Amino acid sequence: MLTLLDAIDCRRNAAVGYCQGMNLVASTLLLVHADEEEAFWVLAAIVEHILPQDFFSPSLLPSRACPLVLLDYVQEHLPRLYHHLVQLGIDLPAICFSWFLSLFTDCLPIEVCCLFQAPSCC
C-alpha cells in the first residue's frame, strides 16, 4: 500500500500530496484489484479525473465542501430530519466528513463500494 500511495504522491501527482483518506481508498483498491499496478491506475483515475480538482489537496477545500452540500440537501429535501438533527445538536458535516474523505470505503461494505466500478470487480 505504501508503494501505491508513494507513487500517487510523488511520482504521479505531486500537487495532490498525501491525505489521510487516501490510505482507506488505496487499501480498498488493493483488496478489489489484486494487482498493485491496476490499483494504482484506478486510484490515479479517481484522483485525477473523477474527484473534484484538489479533493485530496492539503487545504481539503473540495472535500470539506461535500458534507456541507449534504447538509444543504438534507435541509431542503428532508426538513423533518434536518430539524431533528438540529434539535439533538448533531453536527452532520462533522460526522460525515470522514465518509467523503475516504470515499465511503470506511463506512460501506466493499460490495457497495464496488457498485461504482465495473460489475465484475467483486
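Data for the structure
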{"quantity": "Lone qualifier among CYS19, CYS96 - being touching a residue at least 60 places away in the same chain (Cβ under 8 Å) and under 27 Å from ILE110 (Cβ atoms)", "calculated": "CYS19"}
{"quantity": "Flag if GLU38 is at pLDDT below 90 and of a type in the set (Asp, Glu)", "calculated": "yes"}
{"quantity": "Residue count for the stretch 22-41, restricted to those that are surrounded by fewer than 21 Cβ atoms within 10 Å (Cβ to Cβ) and of a type in the set (Gly, Ala, Ser)", "calculated": "2"}
{"quantity": "Qualifying residue in the stretch 75-87 (condition: among the polar types (S, T, N, Q), within 19 Å of LEU5 (Cα to Cα) and touching a helix residue (DSSP H, G or I) at 6+ places or on another chain (Cβ under 7 Å))", "calculated": "no"}
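The values are calculated or read from the model by the stated rules, or taken from the named source; none is laboratory data. This structure is a prediction, so every number in the text was calculated from the model and none was measured. As a convention, Cβ positions derive from the backbone with ideal geometry for all residues, glycine included, and neighbour counts pool all protein chains shown.
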